[in-house]
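Below: one structure, written as structure tokens.
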Amino acid sequence: MSLRLNPSRVFTLHRLRFPPLRLLPQKPLHLPSRQHLGFRSPPIYVRVAGAARSSESPRSVRGDLGFRPRSLCGCGHGLARSMEAAHAVRDRIDLTEKEEKIFGRLLDVVRHFKLETQLRVAGGWVRDKLLGKDCYDIDIALDNMLGRDFCEKVNEYLKFVGEEQQGIGVIHNPDQSKHLETARMRICDTWIDFVNLRSETYAENSRIPTMKFGTAEEDAYRRDLTINSLFYNINTNSVEDVTGRGIQDLKSGHIVTPLPPKATFLDDPLRVLRAIRFGARFDFELAEELKEAASDEEVKTALANKISRERIGHEVDLMMSDKQPAKAMAYIHDLKLFYVVFTFPENPQPAVTEQCDRYCILHINAAWTLLQSIGYSIFSDEQRRLYLYASLFLPVRSTIYIDKKSKQVPVASYIIRDSLKLKASDAEMVTNLHAACEKFVDLIPFLESNEDSEDLRVKLEDEYLEIPPASTKRVLAGLLLRQIKDFWRVALLISTLLHPKASHTCDTLNSHTELDRRREIFGKIESAITQLDLDHVWKMKLLLDGKAMMGVLQLKSGGPSIGKWQRRLLKWQLAHPNGTTEECIDWIKQSQAKRQKIDCSA
């Protein structure tokens, strides 16, 4: 099954009519008049090539709005890129076999109960399909009934045809809407969300809207971006571009709001971050009017005061896990939102410089470029995500603040844990990565050379332990890898941004010469560590546990001395990777006897 858009650049325009709502009265969406706007273009109604699924063909009659408010969505700002020069948008939507089965089942329900319900797939699924991307998140918008009511009809139909009924989950937040909800159920082994078309109004000091039943027009215009306002009408087998801008903005690669951006952002400031996220994901350009609105002081204040830190952190985390994280962070910086999104604690030590935000963006951009050049496959998704956070906050790795318990806490940890409200384990790992990359910076010159470092070896030794010169590298690197475990490549790659410390400035971080140098360093050190057989050294178990150690040392109870001997044992095993338990016991006894002899002589 496929949907064909008009192959020419001139779309066939129709006016829309949607079935009347029968459950609740509608409140019209108040927009400027066509005469005031000076535009008369109707919504775009993209017909499918071939017969429609429903028994009746779609009707082309007058709709409620019937205009395209170009001046409201940043179209009059002189965007330079032509539609032909921008992003490829498919002229057809290809349905998978499962999608055809799902939509066919939904239409069976409508026909069986003689419902007048129009079923529309809303938002991201339509956008992604037109961009030729896979999408498994299907949201069905209903024009005249609640999602739960329709799901119950689905179950009635399943019972009628002798199939197993499905459980219905209802997502209802009374703070957001006292009478509307989202229902979820499995159809053809796929979770589908059902919600009615909506209109919304906002209170002055809250981003939580009052939601009511709405029309397709009202629902489309309330959405954050034009590219997310498209519908696929299952009944008529067509794509509906109610704002008249969704397909055009997909083609030209622009991030635009259906209504005036400042009013849109003041209603729901989180849409600023969503605009940034989608702009970065698809490599789209933010409309000038949108950028001006996002940088507006009133909008920034609303973002800081109306949106919870958890919601901001969630959006940032989605950006970091997406396709263009460095671009998203650059957008945040360029729109002067850095310190709104990433709040810092009071009185950091040392004081944060005015250029801190710029340095952070330079570092994540360099880190992202470096990772792209090496290849994403070296990291898991979680490693990549924390690599980016650690790189972003690398300029403040040595900056701390004093918390309420008079403890010194890294500023990077505060931003991740308290500002973005991410997991405590995320903050801990970023702090560990910063510490490990500093150690790598000191270790890299030694690992690159073929010489022994007597100074480093002496620091490892004590009166009971001697490290063979040929084993110094293995012991030093092994101790570090056991601390950072399978994130050692992450720490190593970050450390190349700092090594050697005096070879570059922040302004040269992203030069091709620096990129090549870092890639070369990473490859050399990774190879050296692999050749030392340390790749999974953190999984190595000590030859003697605490109880066995007490027996060898002839101690009746443990204590600090056992901990010291176990640390010595770890170094001994790293220096003697093929050593046996018997050899280990002999070393301990000989070392202990030697020490006792020295003590007696003294």
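A few points about this structure:
- For the range 356-539, the Kirkwood estimate of the hydrodynamic radius, built from every pair of different alpha carbons, is 17.3 Å.
- Quick note on the range 546-601: its Rg to Rh ratio, both from C-alpha atoms and Rh being the Kirkwood radius, is 0.97.
- Exceedance of the 24 Å cut-off in Cα-Cα distance is limited, within the set Lys212/Lys423; Lys459/Lys556; Lys262/Lys421; Lys133/Lys423; Lys212/Lys323; Lys101/Lys159, to Lys212/Lys423; Lys459/Lys556; Lys262/Lys421; Lys133/Lys423; Lys212/Lys323.
- Ordering Lys405, Lys98, Lys129, Lys212 by the number of other Cβ atoms within 10 Å of each residue's own Cβ, fewest first, gives Lys405, Lys98, Lys212, Lys129.
- The phi-based Karplus calculation (6.51 cos²θ - 1.76 cosθ + 1.60; θ = phi - 60°) puts the 3J(HN,Hα) values of the range 577-586 at x, 9, x, 9, 4, 4, 5, 5, 5, 4 Hz, whole numbers, x for Gly and Pro.
- Simple spin-label estimate for Arg111 and Ser449 in nanometres, 7 Å along Cα-Cβ: 8.1 nm
- For the range 526-602, applying the loop criterion from DSSP together with a ceiling of 14 other beta carbons within 10 Å to the chymotrypsin sites (Phe, Trp or Tyr not before Pro) yields no site.
- Residue-by-residue Karplus 3J(HN,Hα) for the range 237-254, coefficients 6.51, -1.76, 1.60, Hz, glycine and proline x: 6, 8, 8, 10, 10, 5, 6, x, 10, x, 5, 4, 6, 5, 5, 7, x, 10
- Net charge of Cβ neighbours under 15 Å - reference Glu297; Lys, Arg +1; Asp, Glu -1: +2
- Exposure proxy for Val109, Val299: other Cβ atoms within 10 Å of each Cβ, ordered fewest to most, give Val109, Val299.
- Entries in Lys473/Lys589; Lys300/Lys404; Lys485/Lys539; Lys541/Lys564 that, when Cα-Cα distance is taken, lie over 19 Å: Lys473/Lys589; Lys300/Lys404
- Difference of contour (0.36 nm per residue) and Cα-Cα distance, Ile378 to Lys98: 97.4 nm
- Here the extension length gained between Ala88 and Ser425 equals 117.3 nm, from 0.36 nm per residue of separation less the Cα-Cα distance.
- Local electrostatic count, Lys336, Cβ distance below 14 Å [Lys/Arg +1, Asp/Glu -1]: -4
- Within the shell of other residues whose beta carbon sits under 15 angstrom from the beta carbon of Gly162, the net charge comes to -2, with Lys and Arg scored +1 and Asp and Glu -1.
- Based on C-alpha pairs under 8 angstrom that are at least 6 apart in sequence, the range 356-539 has a relative contact order of 27 percent.
- Residues Val441, Val537, Val341, arranged from fewest to most other Cβ atoms within 10 angstrom of their Cβ, appear as Val441, Val537, Val341.
Throughout, read-outs are computed from the coordinates displayed, never taken from laboratory work. Bear in mind the structure is a predicted one, so any value in this text is a computation, not a measurement. A quick note on method: Cβ atoms are made from the backbone with ideal geometry, for glycine too, and the neighbour counts reach across all protein chains shown.
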